[in-house]
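The values are calculated or read from the model by the stated rules, or taken from the named source; none is laboratory data. Bear in mind that the values here come from a model prediction, so they are computed numbers and not experimental data. Here the Cβ positions follow ideal geometry from the backbone for every residue, glycine too, while neighbour counts run over all protein chains shown. These area figures cover heavy atoms from the full protein model, side chains too; ligands, DNA and RNA do not enter into them. Shrake-Rupley method; radii C 1.70, N 1.55, O 1.52, S 1.80 Å.
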Amino acid sequence: MNIPPAFLAELQSLLPPSAFSLQPAVLESYARDESSQPAQTPLAVVWPETAEQVAAVLGLCNRHRVPVTARGGGSSLEGNAVPSPDGIVLSLERMNKILEVLPQDFQCRLQPGVIYDDLNRRLARDGLFFAPGPSSGDVATIGGMIGNNAGGLNALRYGVTRDHVLRLQVALADGSLLWFGTRAMKTSSGFDLVRLMVGSEGLLGVVTEIVLRLHGLPERKTAMARFETLEAAAQAVFEIMSSGIVPGALELIDENSIAHINRYKGWDWPETPTLIFEFHGAPSGIAEEVEMAREICAGLGASYFEVAETPARREQLWAGRKEITNAEKALYPDHIMLKGDIAVPLSHYAAAVQKAQALGEQYGLAVSIFGHAGDGNIHWHTLVPPSDAAALERGEQAAADLIRYALSVGGTATAEHGIGLAKRAFLLEEHGAAVEVMKRIKQALDPNGILNPGKMFFDERG
Ligand code: LAC
Ligand code: ZN
């Protein structure tokens with residue numbers, strides 16, 4: 001479909017020519033995200049620079065019933081940022097200013113297109129950080145993290161994105177622009193519209209300004225332990241979390257994930273189940289926690305326990321962990337990546353890891369298992385060649401089985417990557433009749449269904 005002429009004429013009168021493009025090569029570069037979901041070429045890409053422009057573009061789309069998909073860094077993994085059919089992309093990447101840092105309030109105010117790592121480089125000057133720690137922090141924007149309620153490596157101790165958002169300025173589908181929330185550290189005033197927006201995947205409005213809650217940068221120590229079996233590593237996670245330690249990070253990486261890291265980086269880490277820890281706090285507390293973790297790991301037969309003694313070694317351990325998905329994509333560029341991003345209550349974690357492994361065997365698939373173990377969050381990946389229809393079907397079935405297992409023990413189908421296109425089948429399974437309440441909220445805020453239609457719910461117009 002071509003862009004409707006009346007819509008284009010109004011867009012041209014609303015924005016300067018530098019703020020949008022219809023060029024095929026540009027449109028093509030916004031047609032996908034980091035998932036294996038099919039690309040969808042948008043009718044136009046728009047780069048607003050102010051909140052008022054965002055609101056005006058939404059109002060225009062609403063009048064012309066043109067779907068609009070808001071986009072941050074495009075690092076989403078479930079098709080969340082793939083444009084809706086016959087729609088435009090609203091890229092927030094030019095709204096990338098940190099407007100204010102308020103060290104005494106442990107807060108900052110910023111635009112949605114600020115990249116996670118850029119924000120933390122600036123905040124470090126004031127001894128602060130925004131904690132969640134997505135692996136894609138070099139690309140992910142704060143607006144995109146809010147859209148998907150992103151987690152990450154440090155969510156275990158500090159909470160996910162949702163736990164850090166105090167105030168949001170939001171453009172609604174009707175073109176209005178308003179503020180939700182408060183800068184106070186607590187409130188019991190009214191419905192929590194901030195939390196409603198966080199994780200709404202661009203279906204309820206577009207965030208144009210943000211006030212975040214920050215933490216002081218802690219002292220930290222990174223450690224690594226290697227185990228003979230995945231079962232022992234998973235049990236160590238459970239015992240460490242049960243011991244009362246609250247690590248800054250506690251990550252599990254299976255032998256297949258390590259093999260991918262090695263091939264991608266040219267490293268030779270032993271290919272055996274591994275945990276990476278970060279301990280945060282006062283130096284004396286950290287030393288005690290390191291020893292407790294060392295003992296627990298030894299009790300479970302860990303063959304190796306290393307405390308990273310230099311910043312370079314610490315960086316290396318985390319670089320390996322953060323690049324697992326990039327490594328898989330680089331090593332298997334033409335393959336389809338099927339994923340589970342489940343989380344389960346902690347008491348089910350060790351069993352869930354075993355289930356994830358067993359499903360690979362049962363379906364004859366090479367799987368990699370890693371993730372934010374302390375959160376009970378498992379990333380399960382399998383890569384299949386697109387030409388192998390049978391493997392694709394087995395992969396989809398195995399991923400679905402894992403998700404259904406997570407749901408059966410009180411867990412979730414998507415811990416931190418959102419529903420997007422890929423996990424729509426599980427919304428109803430997870431929430432039942434509550435999905436009707438979600439749809440009523442969607443209907444109230446976006447009656448014409450222009451905001452990222454086709455995502456989250458199966459029905460084309462939300
Ligand atoms: C990670 C992404 C896949 O944790 O969430 O690396
Ligand atoms: Zn993750």
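Structure data summary
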{"quantity": "Theoretical FRET efficiency, 1/(1+(r/R0)^6), r = Cβ-Cβ of D334 and S242, R0 60 Å, to 0.05", "calculated": "0.90"}
{"quantity": "Amide H contacts under 5 Å for F20, placed H, 5+ residues apart", "calculated": "W47"}
{"quantity": "From phi via Karplus (6.51, -1.76, 1.60), per-residue ³J(HN,Hα) for region 365-382 in Hz, x at Gly/Pro", "calculated": "10, 7, 10, 10, 10, 7, x, 7, 4, x, 8, x, 9, 10, 9, 10, 10, 9"}
{"quantity": "Karplus-derived 3J(HN,Hα), 6.51/-1.76/1.60, for each residue of region 399-416, Hz, glycine and proline x", "calculated": "4, 5, 4, 5, 5, 5, 4, 4, 5, 5, 10, x, x, 10, 6, 8, 7, 7"}
{"quantity": "Whole-percent pair-distance distribution, where bins are 5 Å wide, for the alpha carbons of region 261-313", "calculated": "4, 15, 23, 24, 18, 10, 6, 1"}
{"quantity": "Virtual paramagnetic centre 7 Å along Cα→Cβ of S18, amide N under 19 Å, in region 42-57", "calculated": "45-54"}
{"quantity": "The chain, relative contact order [Cα under 8 Å, separation at least 6], %", "calculated": "15 percent"}
{"quantity": "Accessible-area ranking of F305, F129, largest first, probe 1.4 Å", "calculated": "F305, F129"}
{"quantity": "For region 167-242, the spread of Cα positions along each principal axis, largest first, Å", "calculated": "57, 28, 22"}
{"quantity": "Cβ-derived FRET efficiency at R0 51 Å, T182 paired with E291, nearest 0.05", "calculated": "0.75"}
{"quantity": "Extension gain, E52 back to Y304 (0.36 nm per residue minus Cα-Cα distance, nm)", "calculated": "85.1 nm"}
{"quantity": "P(r) tail fraction, the chain - alpha-carbon pairs more than 33 Å apart, %", "calculated": "37 percent"}
{"quantity": "Relative contact order (percent, whole number), region 1-130, Cα cutoff 8 Å, 6+ residue spacing", "calculated": "22 percent"}
{"quantity": "Distant-in-sequence amide H partners of A70 (H built 1.01 Å from N, under 5 Å)", "calculated": "L90, N452"}
{"quantity": "Region 3-56, accessible area per residue, ligands and nucleic acids excluded (1.4 Å, Å²)", "calculated": "47 Å²"}
{"quantity": "Area projected by the alpha carbon convex hull of region 75-182, averaged over all directions, nm²", "calculated": "7.6 nm²"}
{"quantity": "Calculated from backbone phi, Karplus (6.51, -1.76, 1.60) coupling profile of region 88-97 in Hz, x at Gly/Pro", "calculated": "10, 9, 9, 8, 8, 5, 7, 8, 10, 9"}
{"quantity": "Whole-percent pair-distance distribution, where bins are 10 Å wide, for the alpha carbons of region 235-355", "calculated": "11, 39, 36, 12, 1"}
{"quantity": "Gain upon complete extension [I3, Q104; 0.36 nm per residue less C-alpha separation]", "calculated": "31.5 nm"}
{"quantity": "Segments 241-254, 151-164 sorted - mean Cβ within 10 Å per residue, highest first", "calculated": "151-164, 241-254"}
{"quantity": "Area accessible to solvent at S18, 1.4 Å probe radius, in Å²", "calculated": "80 Å²"}
{"quantity": "Region 232-287: C-alpha gyration tensor shape, a/c 1.5 cut-off, then a/b vs b/c", "calculated": "oblate"}
{"quantity": "Probe 1.4 Å, all protein chains present, accessible-area order of K442, K265, largest first", "calculated": "K265, K442"}
